[in-house]
Amino acid sequence: MSVDRAVLVFAGTMVLVSLLLTHFVHPGFVWLTAFVGANMIQSALTGFCPAAMLFRKFGLGRDSAF
């Protein structure tokens with residue numbers, strides 16, 4: 001799996017988990033969803049993605065976006 005795909009899977013998972021937590025645990029978890037979305041926008045504009053750096057350290061192959 002490439003870093004790009006791992007980042008997309010991680011971001012999608014975090015969004016779904018945060019929405020489930022918002023619905024079943026506490027409405028304040030919606031801020032986790034907002035944080036993930038803001039990080040996705042920031043990484044698209046700047047090319048800097050902390051999750052991609054972490055996945056590279058785990059040994060995933062590089063791809064073009066990150």
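Results for (1) closer than 17 Å to Arg5 by Cα; (2) within 15 Å of the chain's Cα centre (by Cα); (3) among the acidic types (Asp, Glu); (4) modelled with pLDDT of 95 or more, shown as yes or no for each residue.
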position: His23; (1), (2), (3), (4): no, no, no, yes
position: Ser43; (1), (2), (3), (4): yes, yes, no, no
position: Phe48; (1), (2), (3), (4): yes, yes, no, no
position: Leu54; (1), (2), (3), (4): yes, yes, no, no
position: Gly59; (1), (2), (3), (4): yes, no, no, no
position: Arg62; (1), (2), (3), (4): yes, no, no, no
*Please work out which residue is nearest to Ile41 (Cα to Cα), limiting yourself to the stretch 16-30 and to residues that are of a type in the set (Val, Ile, Thr) and either exposed (fewer than 15 other Cβ atoms within 10 Å of the Cβ) or in contact with a Leu (Cβ under 7 Å, 6 or more places away or on another chain) (or both).*
Val30
*If you check every pair at least six apart or on different chains, which have Cβ atoms under 9 Å apart with a residue in the stretch 3-30 that is touching a residue at least 40 places away in the same chain (Cβ under 8 Å) first and a residue that is among the aromatic types (Phe, Trp, Tyr) and surrounded by 14 or more Cβ atoms within 10 Å (Cβ to Cβ) second?*
Val3/Phe55; Val3/Phe66; Asp4/Phe66; Ala6/Phe55; Val7/Phe55; Val7/Phe66; Phe10/Phe55
*Would you tally the residues in the stretch 9-31 being within 20 Å of Phe55 (Cβ to Cβ) and of a type in the set (A, V, I, L, M, F, W, C)?*
7
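If a residue has to be part of a helix (DSSP H, G or I) and in contact with an Asp or Glu (Cβ under 8 Å, 6 or more places away or on another chain) to count, how many in the stretch 1-51 make the cut?
Qualifying residue count for the region: 3.
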*May I ask you to list pairs of residues, at least six apart or on different chains, whose Cβ atoms are under 7 Å apart, with the first in the stretch 41-62 being on the phi < 0 side of the Ramachandran plot and among the basic types (Lys, Arg) and the second being part of a loop (DSSP other than H, G, I, E, B) and surrounded by 10 or more Cβ atoms within 10 Å (Cβ to Cβ)?*
Arg56/Arg62
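The values are calculated or read from the model by the stated rules, or taken from the named source; none is laboratory data. Note that this is a predicted model, so its numbers are computed, not measured. Heads up, the Cβs are rebuilt from the backbone with ideal geometry, glycines too, and the neighbour counts pull from every protein chain shown.
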